[in-house]
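Each remark here refers to the structure printed beneath this line.
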Amino acid sequence: MHERTVGEACEYVYCRPLKFELMNIPLHVTKSFLPPQEEYVARLATIWKTGQLTNNGQLVQLLEKRLCERLQIDRCLLVSNGDAGLQLSIRALKLNGEVITTPFSYISTLSSLLWLGLQPVFVDIDSERLTIDPTKIEQAITSRTSAILVTHVYGRPCDVVAIEAIAKRYDLRVIYDAAHAFAVDYLNQPLPKSGDISMISLHATKLFHTGEGGLLVANDPELHEQVEWHRRFGHRGNDAFHGVGINAKMSELHAAMGLCVLDHMDGIIEHRRKTCEAYRERLFTAEDRVQLLAPVTGATENHAYFPVLFSSEKHLLRAMRIMRKEEIYPRRYFFPALHRAFPNLTGEHSLPVAESIAERVLCLPLSHGTSEFDIERVAAAVLGR
Ligand SMILES: Cc1ncc(COP(=O)(O)O)c(C=O)c1O
């Protein structure tokens, strides 16, 4: 017999599933959106026709074109994953020495710097945006600083105006880790138009995904070309090389998934918007225990995550214990703060805002499959009922 899953029960419609059927289904922080299987199979026909599985095939080119249209940008490059995308960006911009970065992000933001032998310099975050506090950047700049690499965490834009004014004053490059920021506009323009390069992760857990993948947006056409050859071993034709590169190409199989998912993006975002609204309705009365984040002024929301801030780590851990009993698995995105991840490599720092946020923040389950019943289960646990 075919068993119904949460995803199936709620696909495409915002519905209330039968309580007794879904009671014991574990609820994870996210669940990848899967397009109807026949749509994926139909997309694969191109591969059988061309015989091409990778190396900038038709599907990769088509997806890049469609993403430019969707995101209202002039150019973009698909790569094998977001982490490789950050490394390519660092190499293409020829960074060296110290890079100013955020302590509140996923490990990849930090590890991409360390992996390439750069020295991260942490600057604390703003308590409202949760992104780097630009008023603290200048005091961290030294003669060895070459760039600023910061994250639009949860799709909440950094203060790009202030950051870029500083970058201009000190002749620094700017990379935005826009892993979470697919389809976000800020101050009436697409967010990736800010800075030198933005990296959007297309990992399976992301709002828009290709299974594994990443998208790089380099605003300067010359830089775009640099990134382009860096992602394919540095090749200039078959027998010559522009320089040293790596293999960070996206395959046609991944691009096929992206093309299918892209067709469903409006429905995916709308479902998440409703889910976030429903969480807000249920949780806004608990302001003494959990704080909901106000949107960043001037930014559109993509509803990629639903983070809540507990009044203390004790309350967070208590809510997590209740949830675990109910088989609800939210995630402490991001804990620990990054300056605590490798203290032997990055030294001791006191970054009180990032530490306080990292100890108290929890991302609640949110995906295309989240049902009204799921929201009620989660909200009850958050409220300690
Ligand atoms: C903020 C941030 N940066 C970078 C990455 C790395 O992206 P990917 O998983 O596509 O390599 C992630 C992935 O979760 C992320 O959340």
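The values are calculated or read from the model by the stated rules, or taken from the named source; none is laboratory data. Nothing here was measured: the structure is a model prediction, and the numbers come from that model. Backbone-built Cβ (ideal geometry, glycine too); neighbour counts: all protein chains shown. With ligands, DNA and RNA removed, areas are computed over all heavy atoms of the protein, side chains included. Shrake-Rupley method; radii C 1.70, N 1.55, O 1.52, S 1.80 Å.
Summary table below
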{"read-out": "Ordering of 48-61, 115-128, 359-372 by packing [mean C-beta count within 10 Å, highest first]", "value": "359-372, 115-128, 48-61"}
{"read-out": "Solvent-accessible surface (1.4 angstrom probe) belonging to residue 335, in square angstrom, nearest 10", "value": "90 Å²"}
{"read-out": "Counting all C-alpha pairs of the range 37-262, share separated by more than 24 Å (%)", "value": "42 percent"}
{"read-out": "Whole-Hz couplings from phi, Karplus 6.51/-1.76/1.60, listed for the range 59-74; x for Gly and Pro", "value": "6, 4, 5, 5, 5, 4, 5, 5, 6, 4, 5, 5, 8, 6, 10, 7"}
{"read-out": "The chain - percent relative contact order, Cα under 8 Å, separation 6 or more", "value": "24 percent"}
{"read-out": "Of 274/314; 31/65; 31/274, pairs whose Cα-Cα distance is over 20 Å", "value": "274/314; 31/65"}
{"read-out": "Qualifying lysines (Cα of each under 25 Å from Cα of residue 168; at least 8 residues distant if same chain)", "value": "94, 136, 193"}
{"read-out": "Cα shape, the range 18-147, gyration tensor, a/c 1.5 rule", "value": "oblate"}
{"read-out": "For the range 127-137, Karplus couplings with θ = phi - 60° (6.51, -1.76, 1.60), whole Hz, Gly/Pro x", "value": "6, 8, 6, 6, 9, 3, 8, x, 5, 9, 6"}
{"read-out": "Mean ellipticity per residue at 222 nm, deg cm²/dmol - from DSSP H runs of n ≥ 4 across the chain, formula -39500 (n - 2.57)", "value": "-11000 deg cm²/dmol"}
{"read-out": "Surface per residue (accessible, 1.4 Å probe) for the chain, Å²", "value": "45 Å²"}
{"read-out": "Phi-based couplings in Hz for the range 319-324 (Karplus 6.51, -1.76, 1.60; Gly and Pro marked x)", "value": "4, 5, 5, 4, 5, 4"}
{"read-out": "Cα centroid separation, the range 180-204 to the range 69-128 (Å)", "value": "13 Å"}
{"read-out": "Amide H contacts under 5 Å for residue 57, placed H, 5+ residues apart", "value": "none"}
{"read-out": "Where the Cα pairs of the chain fall when distances are cut into 20 Å bins, in %", "value": "28, 56, 16, 0"}
{"read-out": "Alpha-carbon centroid distance for the pair the range 246-305 / the range 343-385, whole angstrom", "value": "15 Å"}
{"read-out": "Long-range HN-HN contacts of residue 232 with modeled amide H, under 5 Å", "value": "246, 248"}
{"read-out": "Filtered trypsin sites (Lys or Arg not before Pro), the range 92-200: DSSP coil and at most 16 other beta carbons within 10 Å", "value": "94, 144"}
{"read-out": "Cβ-based net charge around residue 255, under 12 Å, with every Lys or Arg adding one and every Asp or Glu removing one", "value": "+1"}
{"read-out": "Cross-link partners of residue 249 among aspartates and glutamates (Cα-Cα below 17 Å; sequence separation of 8 or more within a chain)", "value": "64, 83, 212, 225, 228"}
{"read-out": "Apportionment of accessible area to carbon and sulfur, the range 37-262, percent (1.4 Å)", "value": "49 percent"}
